[in-house]
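S.K.: Input: one structure, supplied below.
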Amino acid sequence: MNQPPPTSTSERIAELIGPLREGAAYAPGSLFRVVVEHMADGVIVADRRGEVVLLNRAARRLIGLGPEEAVPADWASLPGRHLSDGITPVPADRLWVNRALTGEQVEGDLSLFRHPAIPDTWVRGSARPIRGESGDVVGCVVVWHEVTAEIRAEQALRESNERFEAIFGGISDAAVFADTQRRIVLTNPAFTRMFGYSPDEVRGRTTQFLYADPAEYVRQGKDRYHADGSSRNDTFEVRYRRRDGSVFWSETLGTSIRGHDGAVLGYFGIHRDITGRKEMEEELRRREEEFRAMFELAAVGAAQADPATGRFVRVNRKFCEITGFSADELLRKTFAEITHPEDRDRDVASVRRAVSGEASGWVSEKRYLRRDGTIVWASINGTVLRDAQGRPVHTVANIVDISARKRAEESLTRLNANLEQEVARRAAQAENRADALRQSERFAKSTIDALESHLCVLDEQGRIIAANRAWNKFAAANGGDPARLGEGADY
C-alpha cells in the first residue's frame, strides 16, 4: 500500500514497525527496543486492543511510572492528562491512542500531564496507526515531545506582552516605537489623543510628518536618532503638528532601543504636550522684559537684595547714580555696607521685621555712603517678595534721592533759627525802648512836679492830659475837685 513519506517520529516508527514481526520488534534487547528506550521523546506502542506493548523510559517519566511498574491495562485509566486549557481532563475518545486505533493521524496536539510525583509537564503529541499487510489497523504509535520550556516561555512572553500592553497603554503621555529607519511600529492611546491619528494611519510611516518643521526632523536624526551608537538619550523641546494641522509644543524623551550586543534595534519616544507651559513661559518672559525695562529705566533708584544676607542681587542705573557705585560693585555689597553707621542698626532692624512677616514693608529716610565718601540722603520704600509657600525670595526697595530736600530743610531750619534770633533781638530792643520811654516819662513827671508854677497840659480838645502837683494844690485850694480838675478833665 503506497503511503506518503513519513513526516514525524510517530510516522517513522509506525513505518518501521509495520514489516517487523511483533515478537521480534518488541523483544527485550532488540535493536528497535534499545533505540526506542533511549529516545528523548516518550514513545508508546499499543496493539489493536489498545493494550500497551512498549512504553519507553521517557514516556514512563512523563506519566509518573517507575521503571518496574506495570502499565495499566486500561489506558484510559491513567490520570493527570488534560487538554490544552490545562484544566479539562482528556475524554477517552480524545486519547491519542484511541484516536490512532480508529485510523486517525494526530499531529501536534497539546496536553498537560499533571502527576503528584512530577512537576506539571506540557507535551505535544503525534500518533499514527500501524497497519498490517492488508491495511487493517493492527496497533498504533504515540510519541510525546515535551514542550514545557517552550510553553512556559510562551506564557511568560504572553504575560510580558500583557503587562507591556497594560503599561504602554496606561502611559498618560504619547508613546511611539519606531524602527531603525524611524518608521512607526507602535503607538499608545495617548498618542492618538494628542496627535489625532489612529495607529493604522501612522504605522509604517516615518515620523517626519509629525514635525512642524521638517528641518527639525533632520536635526533630531543627526543628534539622536541614528544607529552609529553615539546617539543622545535625553529630553528636548520641539514643535509637532496634529492631524488637524494645529501646532503644539512637546517635551520629548528620545532614547535608543538596543539589543544584547549593543546594536540599535529602534527608537522609543515619549511626548508630553507643554503648550500651556510654553505659553506661560512666554508670558513670564514678556513680563520679565517689561519689569526689567521699568526697573532699569525707572526715575527712582531700585534694588533687590537677598533677604537672608542683605546682598544686592539686582540694581538699576538710577541707584548706581545715587550711590556712585557701578552695578558690579554693588552686587558684591550688602545694603548695610553702604548705609551711614548712625542709620545702620535702625535700617537693618526695619528690614528684618519685614522679612520675618512682623511688618508688611518698611519706609524710612537714611543716609548712604557714596563711593567718593560723600553722604547722600535717600527716602526708602521697601517690601518683601515671597514664593507660593510664603517664603521670602527678595527684598525690593525704591530709593529716592532727597539730598536737595534735606539741604532745603536744613536751610529753612537755619533761617527759622535766624528769624527767631532776630525777633528776640528786636523784641528786646522794643522792650528797651519802652523802658527808656517809661523812664523818660517818669523823669518828665518828676521835673514838672518839682515846678512851683501851676502847670497843666491840654490836648487839642482842651482836655487836661497832664498836671503837676502845684496845679492840683491850686485846684483843691479854690474849691475844685481834683478828680474833675485833674488829668482827663475838660479845662
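S.K.: Go through (1) modelled with pLDDT under 75; (2) open to solvent by 100 Å² or more (accessible area, probe 1.4 Å); (3) not hydroxyl-bearing (Ser, Thr, Tyr) and name the single condition Asn432 misses.
M.R.: So Asn432 meets the others, but not (1).
S.K.: I need the helices (runs of 4 or more DSSP H) fully contained in segment 313-357, keeping only those with at least 2 residues that are touching a residue at least 40 places away in the same chain (Cβ under 8 Å) and touching a helix residue (DSSP H, G or I) at 6+ places or on another chain (Cβ under 9 Å).
M.R.: Details: elements: 317-323, 327-330, 341-356.
Fully inside segment 313-357 and qualifying: 317-323.
S.K.: Among the helices (runs of 4 or more DSSP H) contained in segment 178-241, which hold 2 or more residues that are under 15 Å from Gly269 (Cα atoms) and hydrophobic (A, V, I, L, M, F, W, C)?
M.R.: On the way: elements: 189-195, 199-202, 214-223.
Answer list for segment 178-241: 189-195.
S.K.: Here is a further query. Among (1) within 30 Å of Val264 (Cα to Cα); (2) open to solvent by less than 40 Å² (accessible area, probe 1.4 Å), there is one condition Arg163 misses while meeting the rest; what is its number?
M.R.: Tallying (1) within 30 Å of Val264 (Cα to Cα); (2) open to solvent by less than 40 Å² (accessible area, probe 1.4 Å), Arg163 fails exactly one: (2).
S.K.: Right, next: Which one of these is at pLDDT 95 or above, on the phi < 0 side of the Ramachandran plot and open to solvent by 10 Å² or more (accessible area, probe 1.4 Å): Arg311, Arg317?
M.R.: Working: Arg317 fails: at pLDDT 95 or above.
One residue alone meets the criteria, Arg311.
S.K.: OK, next. I'd like the full set of residues that are among the basic types (Lys, Arg) and within 30 Å of Phe474 (Cβ to Cβ), limited to segment 410-464. Walk me through it before giving the result.
M.R.: Taking segment 410-464 and keeping what is among the basic types (Lys, Arg), we get 414, 425-426, 433, 438, 442, 445, 463.
Arg438, Arg442, Lys445, Arg463, listed by residue number.
S.K.: While we're on this one: Which residues, taken from segment 202-219, are over 28 Å from the mean Cα position of the chain (by Cα), more than 15 Å from Gly245 (Cα to Cα) and loosely packed, with under 15 Cβ neighbours inside 10 Å?
M.R.: Initially, segment 202-219 is screened for residues over 28 Å from the mean Cα position of the chain (by Cα), giving 202-206, 208-209, 214-215, 218.
Okay, now just the ones that are also more than 15 Å from Gly245 (Cα to Cα), so 202-206, 215, 218.
Within segment 202-219, Arg203, Gly204, Arg205, Ala215, Val218 meet the criteria.
S.K.: Given the conditions (1) buried (at least 16 other Cβ atoms within 10 Å of the Cβ); (2) of a type outside the set (Lys, Arg); (3) touching a strand residue (DSSP E or B) at 6+ places or on another chain (Cβ under 7 Å), which single one is not true for Thr275?
M.R.: Among (1) buried (at least 16 other Cβ atoms within 10 Å of the Cβ); (2) of a type outside the set (Lys, Arg); (3) touching a strand residue (DSSP E or B) at 6+ places or on another chain (Cβ under 7 Å), Thr275 violates only (1).
S.K.: Further, regarding this structure: Within segment 407-429, does at least one residue satisfy the condition of being of a type in the set (Lys, Arg), in a helix (DSSP H, G or I) and either within 18 Å of Lys366 (Cβ to Cβ) or touching a residue at least 12 places away in the same chain (Cβ under 8 Å) (or both)? Walk me through how you get there before you give the answer.
M.R.: So the first thing to find is which residues in segment 407-429 are of a type in the set (Lys, Arg), and the list is 407, 414, 425-426.
Subsequent filtering for residues that are in a helix (DSSP H, G or I) retains 407, 414, 425-426.
In the following step, the residues that additionally are either within 18 Å of Lys366 (Cβ to Cβ) or touching a residue at least 12 places away in the same chain (Cβ under 8 Å) (or both) were identified as 407.
For segment 407-429, residues of a type in the set (Lys, Arg), in a helix (DSSP H, G or I) and either within 18 Å of Lys366 (Cβ to Cβ) or touching a residue at least 12 places away in the same chain (Cβ under 8 Å) (or both): present.
S.K.: Return the residue satisfying two criteria in turn: it lies in segment 358-376 and is small (Gly, Ala, Ser) and part of a loop (DSSP other than H, G, I, E, B), and of such residues it is surrounded by the most Cβ atoms within 10 Å (Cβ to Cβ). It would help to see each step written out before you state the result.
M.R.: In the first step, residues of segment 358-376 are kept if they are small (Gly, Ala, Ser); the result is 359-361, 364, 373.
Then drop every residue that is not part of a loop (DSSP other than H, G, I, E, B), which leaves 359-360, 373.
Working: Ala359: 16, Ser360: 9, Gly373: 7.
Checking each candidate, the answer is Ala359.
S.K.: Starting from segment 151-180, take each residue that is closer than 20 Å to Ile257 by Cβ and list its partners that are open to solvent by 70 Å² or more (accessible area, probe 1.4 Å) and assigned to a helix (DSSP H, G or I), counting only C-beta distances under 8 angstrom and pairs at least six apart or across chains.
M.R.: Taking only residues 6 or more apart or on different chains, the pairs are Ala174/Arg193.
S.K.: Go through Gly276, Gly324, Gly310 for me and flag whichever is among the small types (Gly, Ala, Ser) and within 30 Å of Phe191 (Cα to Cα).
M.R.: On the way: Gly324 fails: within 30 Å of Phe191 (Cα to Cα); Gly310 fails: within 30 Å of Phe191 (Cα to Cα).
The unique qualifying residue is Gly276.
S.K.: Across segment 210-225, which residue is nearest to Gly196 (Cα to Cα) among those that are among the small types (Gly, Ala, Ser) and touching a residue at least 12 places away in the same chain (Cβ under 8 Å)? Steps first, please.
M.R.: In the first step, residues of segment 210-225 are kept if they are among the small types (Gly, Ala, Ser); the result is 212, 215, 221.
Right, trim to touching a residue at least 12 places away in the same chain (Cβ under 8 Å) and you get 212, 221.
Working: Ala212: 15, Gly221: 24 Å.
The residue in question is Ala212.
S.K.: Considering only residues that are of a type in the set (S, T, N, Q) and open to solvent by less than 90 Å² (accessible area, probe 1.4 Å), look in segment 382-412 and name the one that is farthest from Leu330 (Cα to Cα). Break it down into steps so the answer makes sense when it comes.
M.R.: Our first condition is that a residue be of a type in the set (S, T, N, Q); within segment 382-412, this holds for 383, 389, 395, 398, 403, 411.
Still in the running and open to solvent by less than 90 Å² (accessible area, probe 1.4 Å): 383, 395, 398, 403, 411.
Details: Thr383: 19, Thr395: 15, Asn398: 15, Ser403: 20, Ser411: 32 Å.
My answer is Ser411.
S.K.: Which numbered condition trips up Glu329, out of (1) exposed (fewer than 15 other Cβ atoms within 10 Å of the Cβ); (2) of a type in the set (D, E, K, R); (3) touching a Cys at 6+ places or on another chain (Cβ under 9 Å)?
M.R.: (1)
The values are calculated or read from the model by the stated rules, or taken from the named source; none is laboratory data. Values in this document were obtained by computation on a predicted structure and should not be read as measured data. FYI the Cβ positions are ideal-geometry reconstructions off the backbone, even for glycines, and counts take in every protein chain you see. Ligands, DNA and RNA are excluded from the accessible area calculation, which covers all protein heavy atoms including side chains. Shrake-Rupley method; radii C 1.70, N 1.55, O 1.52, S 1.80 Å.
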